[in-house]
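One structure is given below, encoded as structure tokens.
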């Protein structure tokens, strides 16, 4: 194989490029060292030359000699002053010597730096001035000079401090300069010495490196031989067939795996055309074209392109699917093509089996979903009949006991209806599709209702149910239905496992702020320690004899755990066999003393004291209409935009006091539109932006705040919430409470239509307009099924999500909570790409639309017959 590969990698030594790089690096390093040494040598020579040629060695002598000349001059003047016939020629000569010395020192180039120092300026100035004053006296005739000797002695004597100061200053200055030069020269010598040491170390390292390189080079031939032998053995041991051919297609190497794969002997195929042996007849022409192209320009259609799937042929003429990878290599006689061939017949068979198994699993899952949907619908139909009869029975004359029985039966039927809906929740909880709905409820009332539903079954077993609520405040905001679902399951289990005992249902404050601990305790048979975790798993019951005597502990507790965790808490179990069990779960709740207390009559509307300009950005026409009517009723001036892009343009063009921004819109969503408005330079860049969204989750609201929104109003938009917002902007002290829709009490099922939402619309709109809008919404619901069918059949999930989002807004406006909840879940499933939930949700939506349409028909009839009363109520409210 060495002759085939030609350029096998080397091991055990430095490769050629690495060696070349090391030589280049050594040359560069040597040149750098020579350059540094040259610079240091030049610097040393300059310093030595400077020291040899400097006149600073005579500086100290000159300064001292100047003072000597001065003293000699002074002594000569004194001698001439006391001599009977003074030698004035000697005196003038002594002055000339002193004068010349002073001129040399004070005006020479050596003393320029000394004269530049501020401390010496006055000394030099005084000295030069005194010398200059003496010149006229010595230049006078002998009589004048002799007469001036007393004055000369005094003036020369006064010069002594200046001469002394100049000499001392010069000595100190030039001594410091010489010290600095000696220090610098010493550092230069030290640096040169250190560099010489480093140079010696580098030379030693290079010597060691050269020795090692010589050793490595001596082992190069042996390493190449070993590597070539290793590659040859690796190819021989390869499970993939390896075929090597030249550019003419002649086989030059045929591995043992190739012999096993194709059925040829190596000795028989060497030198033959590879295309004739392993390529099926229908592919040979393409093979020859590719080989010719590779020989011409050095590339091919599949050479050096990774793995490709091809059909290969064995010696017996049979074909098989193969995975082929081609690469080029240099050979002793020119370029070579190396082919790696793998028979993937078994792999493709395994993939087909896995695909079939997956399709079967998906079919089973779909059948399960279809079964759950059908069964829930089939069970809901007779249950609706039962509830309808109970409603009719409620309209007859009943005594107090019968009325209590009826209320209990109705409550049980409604809870059973919700449990039927929970059949579909099993799948939705697993996929994270369960939606939580926060609403006001009273904790104490909820506990009493759960106890009342289970009391008949408990009394039949001789068991008493006690309720205890230790909360300081019981009016809360949360998903009361889900909490009741968990408590009902836990109490029902306790009833099943407790005979002639006691069950306690209680709620108390937890450790955290707003945390409530719900617990169900019983004096039943208890649960063994080994089973306490298992009972929360899906479809787990205890031993067969145990399960035959007592129902439960199958799927209900698993759903309870999922629901509690979705509520933000967890469930725990404490149990002692033979003594009893205590199931507890803690969840966060918001408490509001006025949350559960709604007024029984529609309140009057207090108009604003000042007009606000409000921009409403909303793509749903029905929602825009509702928001506009609410704002107009509050005395606001309203401008509308149908999407985020129009909203950005309007905010840039006009000044608004408030911007109400929908989140999900075509062309430009509300979050990006908010960023553009607040980050731009339009007239409304400082206006507060408030989001309109159906997503009440904290994470979603945090995302809106990060975009710059100051607040968030949850759809359906309520008058109470809008008034509170406007009150904050206008400075009003309070906002009035919302209507509860009591004007239509009993007209429809509140689980289908929230009358408190519809009551606010009746408060704003005349009865005729409200009837017209309800009819429009009814038509929209009628067209919803066919509108969703086509994109759902095509698998166009984004289109389905857009339709669901648009209709969900209308449903929220009219309080159609059942349809709204299903549409919101459908939209979320489509956005997440979970196609398996679309069909069951559309089926569930069809049932909800039917119930909602029936309720809208009842409302239309009630509105038609009650129009005068409604109009009067509306006029009073205005």
If residue 84 meets every condition in (1) modelled with pLDDT of 70 or more; (2) assigned to a helix (DSSP H, G or I) apart from one, which number is that one?
(2)
Only one of 863, 826 that is under 20 Å from residue 782 (Cβ atoms) and at pLDDT 80 or above
826
Complete set of residues in segment 649-678 that are surrounded by fewer than 23 Cβ atoms within 10 Å (Cβ to Cβ), in a helix (DSSP H, G or I) and in contact (Cβ under 8 Å) with a residue 24 or more places away in the chain:
650, 652, 653, 671, 672, 675, 676, 678
Out of curiosity, is residue 271 surrounded by fewer than 18 Cβ atoms within 10 Å (Cβ to Cβ), touching a strand residue (DSSP E or B) at 6+ places or on another chain (Cβ under 7 Å), free of Cβ contacts under 8 Å to residues at least 60 places away in the same chain and assigned by TED's automatic domain parsing to the domain that holds residue 328?
yes
So which residues in segment 456-496 are assigned to a helix (DSSP H, G or I), farther than 30 Å from residue 714 by Cα and in contact (Cβ under 8 Å) with a residue 12 or more places away in the chain, if there are any at all?
456, 457, 458, 489, 490, 491, 492, 493, 494, 495, 496
For segment 456-472, enumerate the residues that are within 30 Å of residue 514 (Cβ to Cβ) and at pLDDT below 90.
472
Any residue at all in segment 507-528 that's assigned to a helix (DSSP H, G or I) and either in contact with a helix residue (DSSP H, G or I) (Cβ under 7 Å, 6 or more places away or on another chain) or touching a residue at least 24 places away in the same chain (Cβ under 8 Å) (or both)?
no
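The values are calculated or read from the model by the stated rules, or taken from the named source; none is laboratory data. None of these values were measured; they are calculated from a predicted model. When we count neighbours, we look across all protein chains shown, and the Cβ atoms used for this are built from the backbone with ideal geometry, even at glycine.
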